[in-house]
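Notes follow once the structure below has been shown.
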Amino acid sequence: MTDVLDLLPPGDLLARSDLAEQALEGLVRADRYRKTDAMHCRAPVADLFSSSDERIDQLLFGEIFDVLETVGGRAFGRARRDGVVGWVVLDSLKEGAPLATRRVAAVDAALPLNSLVIEAEGLAEADLAPVGDFERDPVAVAERLLGRPHALGARSSIETDCSGLVQQALLACGLAGPRRSHAQAELGRAVAPDDLQRGDIVVWMAPQGDHDWTGHSALMIDGERLIHSTGSRGGVVIETLAEVEARFVADGFAPAVFRRL
């Protein structure tokens, strides 16, 4: 039998035991229910924190954040673009959900890659592309970020973690970009290790532990090499699949799974 929660949109539920969004009334138990208010990010990048103040995601300029409540200068809600629930500094948000007409297509512009804008916002026209005009090669996007620093919870062209790099490359190509590695491991279809090609997604699922991240993600450059953001190498680098596989399996991760979009 299908659970009613299986019918809800993907992403984290905007719900706590004391408060949940109005759309979940009758689906999840909470003391109170409240409608959300749409706001959007007015900072180049704004960190999204868990209830324990750990950075778990980021908002990019122009992205929508559905606010459930505000407390002590922070807003609790859900990032509409990737579904992550958490807390954002209220001053980094502005009321409303304007419809963007352009996206930032450059990795060295004044605003991060994949930011959403209505007007030029002081950016060079060469840094922008119309919404709906996407790139075709996620690996080429990721390669433009070689050398960018690794940072847990980050997902921008300034700094990024592993799944953030894969997500941003996919979004730049108009493809679904889940935030977590376990969700990226369910994209597309399975591929055999001896049939890998450019653009395939690689995921090592993490061992159970006291952490919010669920695994490690990368993109295949060809049948033998991959590009990823890794703390062990300090940022976005190219390595062979064999050496990364050996390192993660030795650290207790599950063997890699491969997906093709």
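The values are calculated or read from the model by the stated rules, or taken from the named source; none is laboratory data. A quick note: this is a predicted structure, and the numbers were derived from the prediction, not measured. Glycine gets a Cβ as well: all are built from the backbone with ideal geometry, and neighbour counts include every protein chain shown.
Numbers at a glance
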{"item": "Options Arg198, Arg233, Arg179; residue that is under 18 Å from the mean Cα position of the chain (by Cα) and in contact (Cβ under 8 Å) with a residue 60 or more places away in the chain", "result": "Arg179"}
{"item": "Enumeration of residues in region 29-46 that are surrounded by fewer than 18 Cβ atoms within 10 Å (Cβ to Cβ) and assigned to a strand (DSSP E or B)", "result": "Arg32, Tyr33, Arg34, Asp37, Ala38"}
{"item": "Residue check, Glu125 over 24 Å from Gly96 (Cα atoms), surrounded by fewer than 20 Cβ atoms within 10 Å (Cβ to Cβ) and either at pLDDT below 95 or touching a His at 6+ places or on another chain (Cβ under 9 Å) (or both)", "result": "yes"}
{"item": "Region 173-201, residues that are out of contact with any Gly (no Cβ under 7 Å at 6 or more places or on another chain) and over 25 Å from Ala79 (Cα atoms)", "result": "Arg189, Ala190, Val191, Ala192, Pro193, Asp194, Asp195, Arg198, Gly199, Asp200"}
{"item": "Members of region 47-67 found to be surrounded by 18 or more Cβ atoms within 10 Å (Cβ to Cβ) and out of contact with any Gly (no Cβ under 8 Å at 6 or more places or on another chain), listed by number", "result": "Leu59, Leu60, Phe61, Gly62, Glu63, Ile64"}
{"item": "Complete set of residues in region 81-122 that are of a type in the set (Lys, Arg) and either surrounded by fewer than 19 Cβ atoms within 10 Å (Cβ to Cβ) or in contact with a helix residue (DSSP H, G or I) (Cβ under 7 Å, 6 or more places away or on another chain) (or both)", "result": "Lys94"}
{"item": "Candidate set from region 113-130 (those that are more than 14 Å from Phe61 (Cβ to Cβ) and not small (Gly, Ala, Ser)); member that is nearest to the chain's Cα centre (by Cα)", "result": "Pro130"}
{"item": "Members of region 242-254 that are out of contact with any Gly (no Cβ under 8 Å at 6 or more places or on another chain) and either touching a residue at least 60 places away in the same chain (Cβ under 8 Å) or surrounded by 17 or more Cβ atoms within 10 Å (Cβ to Cβ) (or both)", "result": "Val244, Glu245, Phe248"}
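Yes/no per residue for (1) more than 24 Å from Ser50 (Cα to Cα); (2) in the same structural domain as Leu171 (by TED's automatic domain parsing); (3) in contact with an Asp or Glu (Cβ under 7 Å, 6 or more places away or on another chain):
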| position | (1), (2), (3) |
| --- | --- |
| Arg189 | yes, yes, no |
| Ala192 | yes, yes, no |
| Trp204 | no, yes, no |
| Trp213 | no, yes, no |
| Thr230 | no, yes, no |
| Val237 | yes, yes, no |
| Leu241 | yes, yes, yes |
| Ala246 | yes, yes, no |
